[in-house]
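Scroll down for the structure; my scribbles are underneath it.
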Amino acid sequence: MGVIVRVACCRVELRETTLLVVNPLRTHTIPKSAIKDVSVNEGGTLGVWIDEEQEIQCYAFGGSLIDHFLGTSDKAERTIERWRSSGDTASKSEATPRVSWTLCPPADVAILLCIVITVTGIIWMAITGT
């Protein structure tokens with residue numbers, strides 16, 4: 001359940017001057033001025049390019065079977081491109097993307113409970129000899 005909830009909380013948010021990419025483990029806050037390109041690869045995964053070598057893949061638009069028929073990754077690419085070309089960009093001093101750990105309390109609690117129950121079971125089996 002924890003893994004499913006972590007995957008379900010993935011998203012891409014357009015804010016006034018930043019793009020927020022929430023992946024299962026890492027969250028990327030990318031200033032509009034730092035984005036060099038947005039593309040969809042042959043597998044249907046949406047990628048945000050910071051420079052020629054650094055791509056941040058968006059897990060929320062990972063090229064699923066549903067995406068194949070609905071084209072959600074392509075729509076997201078066009079939406080981000082329109083957002084990039086509209087309005088002012090952030091100042092150059094804010095052009096560095098930030099990365100942090102993704103917090104998802106329901107998923108984290110479920111995974112923690114699974115670990116606690118497993119460890120308790122192992123200890124119980126070691127004590128009782130069964």
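Every read-out reported here was derived from the displayed coordinates using simple, explicitly stated rules and does not represent laboratory data. This structure is a prediction, so every number in the text was calculated from the model and none was measured. Neighbour counts are summed over all protein chains in view; Cβ atoms, including those assigned to glycine, are modelled from backbone coordinates with ideal geometry.
Which part of the stretch 50-66 falls in the paramagnetic zone of D37, meaning amide N under 13 Å from the point 7 Å along Cα-to-beta-carbon?
Within reach of a label on D37: 50-56.
Using 7 Å Cα-to-Cβ label points, what is the W101/E13 separation (nm, one decimal)?
2.0
What does the extension gain come out to for V119 and V3, with contour length at 0.36 nm per residue minus their alpha carbon separation?
Gain on extension, V119 to V3, equals 39.9 nm.
How big is the dipole moment of the stretch 9-102 about its Cα centre under a simple scheme where the beta carbon of each Lys and Arg is +1, that of each Asp and Glu is -1, and everything else is neutral? Debye, nearest 20, please.
Roughly 340 debye for the stretch 9-102.
Mean residue ellipticity at 222 nm from the helices of the chain, using -39,500 (n - 2.57) per DSSP H segment of n ≥ 4 over the full residue count, to the nearest 500 deg cm²/dmol?
So the calculated ellipticity at 222 nm is -12500 deg cm²/dmol.
Starting with the highest mean, order 106-118, 20-32, 59-71 by the number of other Cβ atoms within 10 Å, averaged over the residues of each peptide.
The peptides rank, most packed first, as 20-32, 59-71, 106-118.
Which far-off residues, 5 or more places away or on another chain, put their amide H under 5 Å from the one on V38, with H placed in the peptide plane?
So V38 has HN proximity to W49.
Students often get this wrong, so try it: which of (i) 15.7; (ii) 16.7; (iii) 19.0 is Kirkwood radius over Cα pairs in Å as calculated from the structure shown?
Read-out taken from this structure: (ii).
Using the alpha-carbon atoms, what tilt in degrees (0 to 90, nearest 10) does helix 105-128 show relative to the longest principal axis of the chain?
Long axis of 105-128 versus the principal axis of the chain: about 20 degrees.
For E81, what charge total do you get from the other residues with a beta carbon under 13 Å from its beta carbon, if Lys and Arg give +1 and Asp and Glu give -1?
+3
Ordered by residue, what ³J(HN,Hα) values in Hz, to whole numbers, does the stretch 74-83 give under the Karplus form 6.51 cos²θ - 1.76 cosθ + 1.60, where θ = phi - 60° and Gly and Pro are x?
Listing the rounded values in order: 5, 5, 5, 4, 5, 5, 5, 4, 5, 4 Hz.
Counting only residues 5 or more places away or on other chains, whose amide H sits under 5 Å from the amide H of G63 once H atoms are built in the peptide plane?
L46
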